[in-house]
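Reading through the structure tokens given below for one structure.
The values are calculated or read from the model by the stated rules, or taken from the named source; none is laboratory data. All values reported here derive from a predicted model rather than from experimental measurement. Glycine also receives a Cβ, built like all others from the backbone with ideal geometry; neighbour counts cover every protein chain displayed. Surface accessibility is based on the protein's heavy atoms, side chains included, excluding ligands, DNA and RNA. Shrake-Rupley method; radii C 1.70, N 1.55, O 1.52, S 1.80 Å.
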Amino acid sequence: MEVTKQDLLHIAKLANLTIKDEEINSYLTNLKDILNFANIVNKAPVDNLKETIGSNTNYNVFRKDEIVEFEDKEALLANAEEVEQNMFKIPKVL
């Protein structure tokens, strides 16, 4: 696919980008490379491939939610701005 200077400037305007005159050739080259690669990917033969959901079999592993007593509550609450009934007191968030 051939990209012109006008195409590049139009895309830059749509994306609200400012491109300097000395940068235009570099951007044109990069954009052409990207579009050529996209063309190669689009032409990849995928007719005989099976559907896949993912490339690996990883899944989320959850741990059991357990209540654990903390031994040194005073040290835990030492940095709190306010404490009420042995808990952090924070401002209401509405």
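Once you have the Cα-Cα distance between Asp33 and Asn48, take 0.36 nm times their residue separation minus that, and quote the gain in nm to one decimal. Mind showing how you got there, number by number?
Working: separation 15, 0.36 × 15 = 5.40 nm, distance 2.81 nm.
Taking 0.36 nm per residue and subtracting the Cα distance, the gain is 2.6 nm.
With N residues in region 1-75, what two-decimal value do you get for its Cα radius of gyration over 2.2 N^0.38 Å?
Numbers: Rg = 25.7 Å, N = 75, 2.2 N^0.38 = 11.3 Å.
Ratio of Rg to 2.2 N^0.38 Å for region 1-75: 2.26.
With all protein chains present, how much of the accessible area of the chain (probe radius 1.4 Å) comes from carbon and sulfur, to the nearest whole percent? Please list the in-between numbers first.
On the way: 5300 of 9900 Å².
Summing carbon and sulfur atoms, their accessible area is 54 percent of the total for the chain.
Please give the length that would be gained between Leu94 and Asn79 if that part of the chain were fully extended, namely 0.36 nm times their separation in residues minus their C-alpha to C-alpha distance (nm, one decimal).
Numbers: separation 15, 0.36 × 15 = 5.40 nm, distance 2.42 nm.
Stretched out fully, the Leu94 to Asn79 stretch lengthens by 3.0 nm.
Find the relative contact order for the chain and round it to a whole percent, using C-alpha pairs within less than 8 Å whose residues are 6+ positions apart. Mind dumping the intermediate values first?
Working: 28 pairs, mean separation 16.1, N = 94.
Normalised by residue count, the contact order of the chain is 17 percent.
Hey, what's region 4-67 come to in accessible area per residue, 1.4 Å probe, Å²? Don't jump to the answer; show the numbers that get you there.
On the way: 6620 Å² over 64 residues.
Per residue, region 4-67 has an accessible area of 103 Å².
Report, in deg cm²/dmol and to the nearest 500, the calculated mean residue ellipticity at 222 nm for the chain, where each DSSP H run with n ≥ 4 adds -39500 (n - 2.57) and the sum is divided by the residue count. Don't skip to the answer; put the middle values down first.
Details: 3 runs with 34 residues, N = 94.
Value at 222 nm, helices only: -11000 deg cm²/dmol.
Please identify the GluC sites (Glu not before Pro) of region 1-89 that satisfy two criteria: DSSP loop assignment and at most 13 other Cβ atoms within 10 Å. Which are they?
Details: sites: Glu2, Glu22, Glu23, Glu51, Glu66, Glu69, Glu71, Glu74, Glu81, Glu82, Glu84; in loops: Glu2, Glu51, Glu66, Glu69, Glu71, Glu81, Glu82.
Here the sparse-neighbourhood loop sites are Glu2, Glu51, Glu66, Glu69, Glu71, Glu81, Glu82.
Across the chain, how many lysine pairs, 8 or more apart or on two chains, come within less than 28 Å at their alpha-carbon atoms?
Count of close lysine pairs: 11.
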